[in-house]
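See structure below.
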Amino acid sequence: MEPIRRGDSDDLFEAVVGQDSVMRWLATGRADSRSAARAMCDDHVAHWTRHGYGDFAVRDAATHAFLGRVGLRNRAEYGVDLGFAVHPRAQGRGIAGEAGRACLDLAFRRLSLPAVFAFVLPGNTASISVPSAWVPRRTGPSSPAACTVCTTGLTPPARPPRNM
Ligand SMILES: CC(C)(COP(=O)(O)OP(=O)(O)OC[C@H]1O[C@@H](n2cnc3c(N)ncnc32)[C@H](O)[C@@H]1OP(=O)(O)O)[C@@H](O)C(=O)NCCC(=O)NCCS
């Protein structure tokens, strides 16, 4: 996993932005263009610069093939959200779970964030099962940190539920 760079935009397009089956569950709801993927990469880079964390390009350790993007996004109005999108060909191999856990480790152990939220559209069963597996987990006996899963529409609630 490496922070997304501008040079990842073609890979991001092939794996995520150009895939209807992936994008239907994300904010725009449908596949988009290569230029949209470039703009998203610029946005990811700016987010890393501003916050010191963000989305990662997840690549196969052996082949370096781009598998998807997973990471933390600061939403000013409600907190930090854990998001993931995996290439259709790479889904079902536990990639979102493994990369998501690494992001939670970053969030709680290194960044000491108080909470992380995962917003999932109703009906997205593949997605909700990933963070749901972590909800009961606390990251340390003295830490109040927790991952909370919110099933919601495209607009997150102004005030997310309290940590579980
Ligand atoms: C959600 C997503 C990130 C999961 O990534 P993944 O690496 O495939 O996750 P996993 O391999 O850990 O599988 C998670 C669950 O989804 C199921 N799953 C994976 N791919 C699936 C598919 N194409 N269709 C249906 N279920 C699928 C798995 O069986 C698993 O279920 P289980 O926990 O009950 O066994 C991936 O499916 C994806 O990118 N979806 C489109 C974008 C999206 O929904 N992003 C999240 C927005 S909140």
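We did not get these values from a lab; they are worked out from the coordinates using the rules stated. Nothing here was measured: the structure is a model prediction, and the numbers come from that model. With ideal geometry, Cβ positions are generated from the backbone for all residues, glycine too; neighbour counts draw on all protein chains shown.
Here are the numbers:
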read-out	value
Length added when fully stretched, Leu111-Glu98, from 0.36 nm per residue minus Cα-Cα	2.8 nm
Order by protection proxy (mean Cβ within 10 Å, highest first), peptides 58-65, 5-12	5-12, 58-65
Dimensionless Rg over Rh [the stretch 1-130; C-alpha; Kirkwood]	0.93
Bridge type composition, the stretch 2-151 - antiparallel percent by DSSP, nearest 5	70
Difference of contour (0.36 nm per residue) and Cα-Cα distance, Asp43 to Glu77	10.5 nm
